[in-house]
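The values are calculated or read from the model by the stated rules, or taken from the named source; none is laboratory data. Keep in mind it's a predicted model, so treat the numbers as computed, not measured. Heads up, the Cβs are rebuilt from the backbone with ideal geometry, glycines too, and the neighbour counts pull from every protein chain shown. When the accessible area is computed, the model is the full protein with side chains, heavy atoms only, and any ligands, DNA or RNA have been set aside. Shrake-Rupley method; radii C 1.70, N 1.55, O 1.52, S 1.80 Å.
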Amino acid sequence: MAERMIVVGGDAAGMSAASQARRRRDRADLEIVAFERGHFTSYSACGIPYWISGLVPERDQLVARTPDAFRDDFDIDVRMRHEVTAIDLDRREVVARDLDGDREVRVGFDTLVYATGARPVQPEWTRDDVAGVFGVQTLDDGAALLDWLEREPRPRHAVVVGGGYVGVEMAEALVQRGLSVQLVEQAAQPMSTVDPDMGELVAEAMRGTGIGIRTGMEVTGLQERDGRIAAVLTTEGPIPADVVVLGLGVRPNTALGEAAGLPIGPSGGIRVDRRMRVPGVPGVWAAGDCVETLHRVSGMPVHVPLGTHANKQGRVIGINIGGGYATFPGVIGTAVTKVCELEVGRTGLRERDATDAGFEFVTVLAESTNRAGYYPGAQQMTVKLIAERPSGRLLGAQIVGRSEAAKRIDALAVALWNGMTVDEMTALDLGYAPPYAPVWDPVLIAARKAVDALAGTGR
Ligand SMILES: Cc1cc2nc3c(=O)[nH]c(=O)nc-3n(C[C@H](O)[C@H](O)[C@H](O)COP(=O)(O)OP(=O)(O)OC[C@H]3O[C@@H](n4cnc5c(N)ncnc54)[C@H](O)[C@@H]3O)c2cc1C
């Protein structure tokens, strides 16, 4: 009889695991059943801001593989609109509710992949009775927001609450739709994933795009008129709004797993080993936004909810269940985003992470340009490096600039991943031609500056 693999959650992590396992084991050997409570499989939440802005015209362009494609091409039994409500580890079965048929099914498993993603942070002041307030976690959320934006009376004033990457991407999307946008952030700068000095550059540039940046301000409530959002109430007074988008971050969606007895780590995510097995629970695997992972620089467990990790971790599970051997080596915190013309990249530790981890370090800021200064379109770019003292090992890097800035973080990420020192980095053989870089690439200029800073500390 075929072994049965059950997947809970039909997006990046879950369906990567399912399709990878199927590539290695056929139906006669491995039956795969995937439960997804929503309407879509393998969709790109990352693309939602670009769909809302109109850059991506159709919702279906964000769906990489439909349930039918999984059924037809991968022989995976995809059960849509089925929410798993319990996992019984003793009986080795899951209980799922068919949300449309309103009935319950119980299905046994040999292996279980827990891939339920993350849940958005819901502030105390959100209210179900006020229309016009939206999250942007799922394609259904995106569709609801789009419907509101296109319905009469058309909203003109948007407030985005939260200045993380989802908040800034949504602010851009709404500006591009012609709305006036205010972004409210409790901290002193938006983009707390970079250090405050780099976050200030982001805030400055965002102001230049017409987005109102309200930092150091806390939202305390919502004001409605005839059941529709009218204003966001803050510690500094009300801000008029006829649409509100929430981007307050996410937490690992672990409730179902916790109830079943899966171990939770210090970061709040489900604990997994290098092969993405849940320790102490044979046959159970977990991946994606619901798990914690190892930060390769700090050595600490962290929760980094990004699609890039979810896909890789799911693949690792699929290879292992498929009979192969694969491990997930951890993360270094690389991320990129853009808001209008501004690009932001980061990798490794911020200053406060490096301090928390107990490192001694120097930091440098290097100003340069993306192209040779004389070449048309040359634009300012700031690179920040954090290097361990006295070893010179790169601990973290951040970039804020315009075109061709963000993806330069990849060179720094590779250097950091491989434990390079800033000294070694000064000789890196990076590409140079005037349309692409100054003769000393901004990355190399920053490395040289870091070497000087280390020398100045008498290392
Ligand atoms: C607006 C936005 C922009 C983003 N941009 C980027 C980006 O640029 N780069 C990047 O790397 N990442 C980005 N991300 C993050 C990325 O989308 C997530 O990290 C990724 O989707 C995580 O995949 P996952 O499979 O772990 O979880 P999810 O994609 O959340 O999928 C989990 C699935 O499980 C289902 N589910 C949950 N509980 C149950 C249950 N009990 N029963 C059945 N089904 C269940 C959910 O419906 C969901 O479909 C973005 C996210 C958002 C919201």
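A few remarks follow.
- Selection of segment 31-68 for residues being within 18 Å of the chain's Cα centre (by Cα), crowded, with 21+ Cβ neighbours inside 10 Å, outside any loop (DSSP other than H, G, I, E, B) and more than 8 Å from the ligand (Cβ to nearest atom) yields Trp51, Ile52.
- Pairs where the first residue, in segment 20-47, is of a type in the set (Lys, Arg) and the second is part of a strand (DSSP E or B) and within 16 Å of the ligand (Cβ to nearest atom), C-beta under 7 Å, 6+ apart: Arg22/Ile32; Arg37/His82; Arg37/Glu83
Yes/no matrix, rows are residues, columns are (1) open to solvent by less than 70 Å² (accessible area, probe 1.4 Å); (2) within 11 Å of the ligand (Cβ to nearest atom); (3) part of a helix (DSSP H, G or I); (4) touching a His at 6+ places or on another chain (Cβ under 6 Å):
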position: Gly142; (1), (2), (3), (4): yes, yes, yes, no
position: Trp148; (1), (2), (3), (4): yes, no, yes, no
position: Glu152; (1), (2), (3), (4): no, no, no, no
position: Ala158; (1), (2), (3), (4): yes, no, no, no
position: Ala171; (1), (2), (3), (4): yes, no, yes, no
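- The single condition among (1) under 21 Å from Gln398 (Cα atoms); (2) out of contact with any strand residue (DSSP E or B) (no Cβ under 7 Å at 6 or more places or on another chain); (3) surrounded by 17 or more Cβ atoms within 10 Å (Cβ to Cβ) that Glu204 does not meet is (3).
- Residue that is touching a residue at least 40 places away in the same chain (Cβ under 8 Å), closer than 30 Å to Met198 by Cβ and either outside the structural domain of Arg25 (by TED's automatic domain parsing) or touching a helix residue (DSSP H, G or I) at 6+ places or on another chain (Cβ under 7 Å) (or both), where the choices are Val166, Val113, Val56, Val130: Val166
- Residues satisfying the stated conditions in segment 67-82, i.e. closer than 19 Å to Asp98 by Cβ and without any contact (Cβ under 8 Å) to a residue 40 or more places away in the chain: Asp68, Arg71
- Number of the condition not met by Arg27 [criteria: (1) part of a loop (DSSP other than H, G, I, E, B); (2) modelled with pLDDT of 95 or more]: (2)
- Any hit, segment 272-290, residues being more than 11 Å from the ligand (Cβ to nearest atom), among the small types (Gly, Ala, Ser), at negative phi and out of contact with any Asp or Glu (no Cβ under 6 Å at 6 or more places or on another chain): no
- Summed over segment 409-459, residues that are touching a residue at least 60 places away in the same chain (Cβ under 8 Å) and β-branched (Val, Ile, Thr) total 5.
- The number of residues in segment 219-248 being assigned to a loop (DSSP other than H, G, I, E, B), open to solvent by 20 Å² or more (accessible area, probe 1.4 Å) and touching a residue at least 12 places away in the same chain (Cβ under 8 Å) comes to 5.
- Of the residues making up segment 310-326, those that are open to solvent by 40 Å² or more (accessible area, probe 1.4 Å) and within 23 Å of Leu412 (Cα to Cα) are Asn311, Lys312.
- Given (1) surrounded by fewer than 23 Cβ atoms within 10 Å (Cβ to Cβ); (2) within 15 Å of the ligand (Cβ to nearest atom); (3) modelled with pLDDT of 95 or more, index of the condition Gln122 fails: (3)
- Any chance Val107 is touching a Leu at 6+ places or on another chain (Cβ under 9 Å), modelled with pLDDT of 95 or more and open to solvent by less than 40 Å² (accessible area, probe 1.4 Å): no
- In segment 388-408, the residues that are modelled with pLDDT of 95 or more reach residues that are of a type in the set (S, T, N, Q) with C-beta atoms within less than 6 angstrom, at least six apart or across chains, in these pairs: Arg389/Thr457; Gly392/Thr421; Arg393/Thr421; Ala397/Thr347; Val400/Thr382.
- Residue that is nearest to the ligand (Cβ to nearest atom), among those in segment 295-309 that are open to solvent by less than 40 Å² (accessible area, probe 1.4 Å), in contact with a strand residue (DSSP E or B) (Cβ under 9 Å, 6 or more places away or on another chain) and not in a loop (DSSP other than H, G, I, E, B): His309
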